[in-house]
1. For residues that are more than 21 Å from Cys238 (Cβ to Cβ) and out of contact with any Asp or Glu (no Cβ under 6 Å at 6 or more places or on another chain), scanning just the range 162-173, find the one that is least open to solvent (accessible area, probe 1.4 Å).
2. Considering (1) out of contact with any Gly (no Cβ under 9 Å at 6 or more places or on another chain); (2) modelled with pLDDT of 85 or more, say which one Gly103 fails and leave the rest.
3. Within the set of pairs 6+ apart or on separate chains, which have a first residue in the range 199-225 that is in a loop (DSSP other than H, G, I, E, B), a second that is of a type in the set (Lys, Arg) and open to solvent by 30 Å² or more (accessible area, probe 1.4 Å), and C-beta atoms under 6 Å apart?
4. Name the residue that is surrounded by the most Cβ atoms within 10 Å (Cβ to Cβ), counting only residues in the range 133-142 that are of a type outside the set (A, V, I, L, M, F, W, C) and under 17 Å from Leu232 (Cβ atoms).
5. Please count how many residues of the range 42-78 are charged (D, E, K, R) and either in contact with a strand residue (DSSP E or B) (Cβ under 8 Å, 6 or more places away or on another chain) or crowded, with 18+ Cβ neighbours inside 10 Å (or both).
6. If you go through the range 238-264, how many residues are within 12 Å of the chain's Cα centre (by Cα) and crowded, with 18+ Cβ neighbours inside 10 Å?
Amino acid sequence: MTTGQEATVISMFGSGPNRLDLGEVARNQVAAARSARSMTEEAFAALLESLLGWPVGAGLIRAWEQNATPPGDVLVACELIVRQSPPDLSNRQAFDAAAQVMGDRFVDLEAVYATRSEFQAKLPVSDLLEGAKEIRLCGLSLNMLCQTYSDVRLRELIEQGTTLRCLFLKPYGHFIREREQEEGYPENRLSDLTAMNLMILREHVAARVSPEAQGRIEIGVYDEPIRFNVLLVDAELCVAQTYLPQARGVDSPTFVIRKRRPTGGLYPSFEQVFSAMWERREPA
């Protein structure tokens, strides 16, 4: 793409159905950065060279825009160039822009804990749920709620207007059996625990609140591969835990995410995980 030439819109998808051509995306990013600065290939190469610290010629720019896949550090440099108004980035400006790039992508990530046990020791669930108006959970047995949070306090919250949606991995289903094998448990160990937690919610919570409050409690199950345990509080706080092969749930990394912007960040991704699974739920 030369200066003054009309931009061409190129599909990011390859020949296969729904196949994203990431090489083409990367080449378009280089071309878009140069176009945004209205620079010749030679001038853009000199600017990139000042950021990268290794030789970049006009021929490389042409190749990265047309047929060669640019390296990752080139793509980061292109994003920094687009974000900064002066064409000559100082080291300080480049550092600030890099921090902004990373900050934009992880702006809502508040904390990361190596295990769920470490997370619960530092941030009790009672603190997370205090005063909550909406609580949504999906995962396996939902021990975070059913085993560590007071039934009495949960009933009080619901009587005061809190809505509760809980989605359990289906007891005695196909995928909970797979998870038992992954965690090295005897058959039905996790199923029995999940069935007990379902009973706790039904008999110790739902059955003991007023009829009006019962309408604010929804419980479902799903029988799919389990990837995350997600707790969402008031559409602003998310606790997300991954499920790793050959590791117990309590030993998996846990992320605390706090929504800070209407769009972007990690929060919408995990909210979408819950929403999609909730749409596919079965009655408990």
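The values are calculated or read from the model by the stated rules, or taken from the named source; none is laboratory data. Since this is a predicted model, take the numbers as computed values, not measurements. Positions of Cβ are generated from backbone atoms using ideal geometry, with glycine treated the same way; all protein chains shown enter the neighbour counts. Please note that ligands, DNA and RNA were not included when accessible areas were found on the heavy atoms of the full protein model with its side chains. Shrake-Rupley method; radii C 1.70, N 1.55, O 1.52, S 1.80 Å.
1. Top of the filtered list is Pro171.
2. (2)
3. Going by the 6 Å Cβ cut-off, the qualifying pairs are Val209/Arg155; Asp223/Lys170.
4. Gly139
5. Of all residues in the range 42-78, those charged (D, E, K, R) come to 42, 49, 62, 65, 73.
Now drop any that are not either in contact with a strand residue (DSSP E or B) (Cβ under 8 Å, 6 or more places away or on another chain) or crowded, with 18+ Cβ neighbours inside 10 Å (or both), which leaves 65.
The number of residues fulfilling the criteria is 1.
6. 9
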